[in-house]
1. Mind checking Rg over Rh on the stretch 65-128, alpha carbons, Kirkwood formula for Rh?
2. What percentage of the solvent-accessible surface of the chain, computed with a 1.4 Å probe over protein heavy atoms, is contributed by carbon and sulfur atoms?
3. Given the chain, what count of lysine pairs have C-alpha atoms under 30 Å apart, with each pair 8 or more places apart or on different chains?
4. Using a/c under 1.5 as the rounded threshold, could you call the chain rounded, prolate or oblate? The axes a ≥ b ≥ c are square roots of the C-alpha gyration tensor eigenvalues, and prolate needs a/b larger than b/c, oblate otherwise.
5. Mean residue ellipticity at 222 nm from the helices of the chain, using -39,500 (n - 2.57) per DSSP H segment of n ≥ 4 over the full residue count, to the nearest 500 deg cm²/dmol?
6. Within the chain, which complete DSSP H helices have Cα atoms spanning at least 18 Å along the helix axis and a mean Kyte-Doolittle hydropathy of -0.5 or higher?
7. Can you compute the FRET efficiency between I43 and V79 using 1/(1 + (r/R0)^6), with r the Cβ-Cβ distance and R0 = 41 Å? Round to the nearest 0.05.
8. Dipole magnitude of the stretch 8-128 about its Cα centre, charges +1 at Lys/Arg Cβ and -1 at Asp/Glu Cβ only, in debye to the nearest 20?
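The values are calculated or read from the model by the stated rules, or taken from the named source; none is laboratory data. These numbers come from a predicted model, not from an experiment. Glycine gets a Cβ as well: all are built from the backbone with ideal geometry, and neighbour counts include every protein chain shown. Accessible surface areas use protein heavy atoms only, side chains included; no ligands, DNA or RNA. Shrake-Rupley method; radii C 1.70, N 1.55, O 1.52, S 1.80 Å.
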Amino acid sequence: KVYNTIAILPRFISAVLIAFIVYATLMSVLNQLAVRKELDCRIRMGQVFIKPLISALVMGVAAYLVYTVIYLVLPVNIVALGIAVVLAVAVYGIAMIMCGGITEETLDNIPKGGALKPLLRKIKGRSK
């Protein structure tokens with residue numbers, strides 16, 4: 001009985017992941033329609049959806065590669081995972097800056113965003 005539960009578990013996890021993706025996509029589309037209707041305002045699709053998606057894909061590839069290489073060198077899952085996650089966060093931030101998803105205007109709208117402006121300028125300066 002326990003074996004049957006363990007054998008089926010990966011299918012349930014895949015179904016949950018697919019459900020999360022469908023739910024998030026549906027909520028984004030419905031939110032876009034509601035904002036457009038109620039506020040007569042258009043959300044910039046590239047800025048809100050496309051640039052973060054591209055950055056997330058870059059981050060995912062980087063995290064996978066880092067995890068794989070570290071796990072080959074040091075086969076301790078928690079170490080490889082920890083390093084991959086930390087580097088993935090940095091890669092996502094840099095990718096968002098380089099593709100224009102994070103701007104000085106964006107930083108002005110978040111608490112302590114001004115403190116990150118020098119880092120933003122430094123990264124943008126290197127990407128030119």
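1. On the way: Rg = 15.2 Å, Rh = 13.3 Å.
Ratio value, two decimals: 1.14.
2. Numbers: 7270 of 9980 Å².
For the chain, the apolar C and S fraction of the accessible surface comes to 73 percent.
3. Lysine pairs, 8 or more places apart or on different chains, close enough: 10.
4. On the way: a/c = 2.97, a/b = 1.23, b/c = 2.40.
Verdict is oblate for the chain.
5. Working: 5 runs with 99 residues, N = 128.
Counting only the DSSP helices, I get -26500 deg cm²/dmol.
6. Numbers: long enough: 2-39 (54 Å, 1.28); 51-73 (33 Å, 1.79); 77-98 (31 Å, 2.45).
Membrane-span-like by this rule: 2-39, 51-73, 77-98.
7. Values: r = 41 Å, r/R0 = 0.99.
Plugging the Cβ-Cβ distance into 1/(1 + (r/R0)^6) gives 0.50.
8. Working: 13 positive and 5 negative charges, 67 e Å.
Using only the charged Cβ atoms, the result is roughly 320 debye.
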